[in-house]
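I have placed the structure first, in the form of structure tokens, so that the comments after it can refer back to it.
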Amino acid sequence: MSDAYVQRDAALFAPIAQTGRGFYFTLVVLGIAILWGAVAYWTQFEQGLGVTGLQQPVSWGFYVTNFVFFIGISHAGTLISAILRLSKAEWRRPITRMAEVITVMVLFIGAGQILVDLGRPDRMLNVILYGRYQSPLLWDATSISTYLTASTLYLWLPLIPDIAILRDHLGKRRFLYSVLAMGWTGTERQQKILNRAIAIMAVLVIPIAISVHTVVSFVFSMTIQPAWHSSIFGPYFVAGAIFSGIAALIVAMAIIRRIYRLQAYLKPIHFRYLGHLLLVMTLLWFYLTFAEYLTGYYGNGPEEMKVFWSKFTGRFWPTFWAMAVCNFVIPMIFLVRLRHHAVGKTVVASVAVVIGMWLERFNIIVPTLSNPRLPFPDAIYWPTWIEWGETAGSFGLFILFYVLFVKFFPVISIWEIREGREVGLREVEERLLSYLPDGTEPEPARDHTRVLR
Amino acid sequence: MALWGMVIDLDRCTGCQACVMACKAENNVPAVGAKEAARGRTISWMHVLTEESEERTRFLPRPCLQCDDPPCIKVCPVYATYRNPEGIVAQIYARCIGCRFCMAACPYNAKYFNWLQYQREAPGQNPDVSLRPKGVVEKCTFCHHRLQKARERALAEGRGLAPGEYVTACAETCPTRAIAFGDLSDHGSDVARLARSPRAFKLGEELGTKPKVIYLSETEGHRRV
């Protein structure tokens, strides 16, 4: 690597060029989690779903919770990145890639949960062969596969110039990078086409992302079960997805920043801005949750109230109130003032939100199924080591995919940072001038420090 | 076309569970064993629920209610469960992918899952009913195989199906004759007459599922009229 350009952003190449002991240690830890998951799934595949804690009437448990949770996390990426790109938020540059990678990696895991949940995985092709479009499950399959395709494309497009840089400068894996770079040389025409393609994908991906979590919620709201059959579920799930997505993104940013020493690129200001976004989503989540439960409470249907009280004071109070603390109390405490220690505070809030949103999914699925309308004897769902293993394996696999991506490709977009320096600075000034009354000239700032704060 | 239905007189039911046993024997419903039963995996197409109040205990035998507008078939992704033209809600075991969406959608919890391989071919099983493999959903079929048999017999003898020729195992067994079975579309039939009784009510009628299993009860029926 000799190019002066490359030298300037050397920190961004470091994870790809050098591999430390930490990397192998991480692989081993993840490998153990994945192995646990694999053994669990193999046991389940051999013997049947009976090895889990699922039963009559709680026929959906951890797997479906994980499914909704992981698909929710996937909204971290493509959606946030697309919105930031389209709104020309300049601070997006170091974080869009990280966000997009989460989406693509986690979608595989999320969709996989449904396959794990099937009693007959050998017949999964029936969904295509004999698919019945009136079933919300088919909407899920369609929407998620579209989203996966679109976000993979949306991850790859802005990656092309960076792959070309790797092809020219890295000196290893040349074949892989040449193929993926598609002959990129960085001519003006290529750049123009690329920018156009990215813009088109950014617009396309937003409705797809919203449709994904809407139809995931439809799996529940299209039934007539108490606390599921609710018109708010579409927007509620989408908001929850973006909420957990931002939190997951902040956690990923903080970890990568720490491990690869990218403090120069991922600054407290990025965490602060994302923290503000997370705070807005906290309030929106609370508002929707409040509206949902208050409507149920005033409706006072006997079936609805059975589920309601089982969450508020009954058997599910620990998970319900833990969710309330993780999703509302902790973020509110940590996110209202982000002037100092923005990184630490947003990370604490984000970890809480990730846990809280998993619990939220659990609280939607299991209490409703645990309270059948007819007077069945009490049945308590308690997961076995199979479900725990599968969950650990899923998280492990997701993190492994992410770690491997970081090993092969720059996790911060090199060319976009460069573009920010070369074009962005000038563009922002021009754009700002276009917002102001005609004839405004740029003046040297008088109180420089105050402006920057 | 016939519209098969059932009337269960709760005032006659003694909770003896004869219908449950008859159903299990007739339909090769597996005995899952004590360990699985303790984990809540009992399969019982006909299930006698117990409702206890201060004054008395009431029994509620619950087969599949064979809804005319079944919530379970709306959600099936692969056409594994459907309502046939005579109103029976059927399950195709060879098609089912085991996603259990229908179980989550059924407001009566009338669908059951084969969490493990619960049985293999053995002597004493009913040859007219197929065994279910692990990983699929199963449910009460109104002893549909009995209808097929009765119809074949009638066809061979060159006549139509006579009333009472097709009854389910539970109706046939009930010692107090609490269960009546027959064609709801035939106004003269016993079931149709009982279904019009002032004591008649439907389980979860407000859900719009239009069950074809109708209950009779002095208290319930009168409360609703």
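Every number here is computed from the coordinates shown, using simple stated rules; none is lab data. Nothing here was measured: the structure is a model prediction, and the numbers come from that model. Cβ coordinates were reconstructed from backbone atoms using ideal geometry, including for glycine residues, and neighbour counts include every protein chain displayed.
Considering only A:Leu283, A:Val307, A:Tyr130, the residue lying farthest towards the positive end of the dipole of region A:4-421 is A:Leu283, judged by Cα position with unit charges set on Cβ.
In peptide A:49-62, how many Cβ atoms from other protein chains are near each Cβ within 10 Å, on average? Could the numbers behind the result be given before it?
On the way: counts 9, 12, 2, 1, 2, 6, 8, 13, 6, 3, 13, 5, 0, 0.
Per residue, the number of nearby Cβ atoms from other chains is 6 on average.
Note on A:His276 and A:Trp156: the extension gain reaches 40.4 nm, defined as 0.36 nm multiplied by sequence separation minus the Cα-Cα distance.
Each helix, a run of at least 4 DSSP H residues, gives -39500 (n - 2.57); summed and divided by the residues of the protein assembly as shown, these come to -17500 deg cm²/dmol at 222 nm. Ranked from largest, the principal axis spans of the Cα set of region B:4-224 equal 54, 44, 34 Å.
Sort A:Trp321, B:Trp115, A:Trp60 by Cβ crowding within 10 Å, fewest neighbours at the top.
A:Trp321, A:Trp60, B:Trp115
For A:Ala322, what charge total do you get from the other residues with a beta carbon under 12 Å from its beta carbon, if Lys and Arg give +1 and Asp and Glu give -1?
That works out to 0.
Could you give the size of the charge dipole of region A:1-159 about its Cα centre, using +1 on the Cβ of each K and R and -1 on the Cβ of each D and E, expressed in debye and rounded to the nearest 20? With only Lys, Arg, Asp and Glu charged at Cβ, the dipole is about 300 debye. Positive contributions from Lys and Arg (+1) and negative ones from Asp and Glu (-1), summed over other residues with Cβ under 14 Å from the Cβ of A:Leu148, come out at -2. Per-residue mean of foreign Cβ neighbours for B:196-205 is 1 (Cβ atoms of other chains, 10 Å radius).
Ranking A:Gly72, A:Ile114, A:Ile102 by how far each Cα lies toward the positive end of the dipole of region A:63-206 (charges on Cβ) leaves A:Ile102 at the top. Within region A:298-453, the proportion of Cα pairs with more than 20 Å between them is 74 percent.
Candidate cross-link partners of B:Lys212 among the aspartates and glutamates, defined by an alpha-carbon separation under 13 Å and a same-chain spacing of 8 or more, comprise B:Asp68, B:Asp69, B:Glu86, B:Asp183. Annotation: extensible slack from A:Gln134 through A:Ile206 equals 23.5 nm (criterion: 0.36 nm per residue apart, minus Cα-Cα distance). Using a cut-off of under 12 Å, list every residue of region A:65-83 whose amide N is near the label point 7 Å from the Cα of A:Phe45 along the Cα-to-beta-carbon line. Of the residues in region A:65-83, none has backbone N under 12 Å from the label point off A:Phe45.
Under a model in which nothing but the beta-carbon of Lys, Arg (+1) and Asp, Glu (-1) is charged, the protein assembly as shown shows a dipole of about 1360 debye around its Cα centre.
When peptides A:178-187, A:33-42, A:154-163 are sorted by average Cβ neighbour count within 10 Å, with the highest value leading, the order is A:154-163, A:33-42, A:178-187. If R0 equals 30 Å, the separation of the Cβ atoms of A:Gln7 and A:Leu283 corresponds to a calculated FRET efficiency of about 0.10.
Just subtract the alpha-carbon distance of A:His229 and A:Leu115 from 0.36 nm times their residue separation and send over the number in nm, one decimal.
38.6 nm
Model label sites at B:Arg177 and A:Trp385, defined 7 Å from Cα along the beta-carbon direction, differ in position by 5.8 nm. Apply 1/(1 + (r/R0)^6) to the Cβ-Cβ distance of A:Val329 and A:Arg258, taking R0 = 22 Å, and write down the FRET efficiency to the nearest 0.05. Once rounded, the FRET efficiency stands at 0.25.
Looking at region A:4-421, the pairs of alpha carbons with a distance over 34 Å make up 32% of the total. Can you compute the label reach from B:Glu206? Point 7 Å from Cα along the Cβ direction, backbone N cut-off under 20 Å, restricted to region A:301-315. Residues A:301-311 fall inside that zone.
With each label modelled as a point 7 angstrom along the Cα→C-beta vector, the A:Leu86-A:Val29 pair spans 3.8 nm. Electrostatic tally near B:Leu3: other residues with Cβ closer than 12 Å to its Cβ, Lys and Arg +1, Asp and Glu -1, net -1. Counting, for every residue in A:130-143, the Cβ atoms of other protein chains within 10 Å of its Cβ and taking the mean gives 4.
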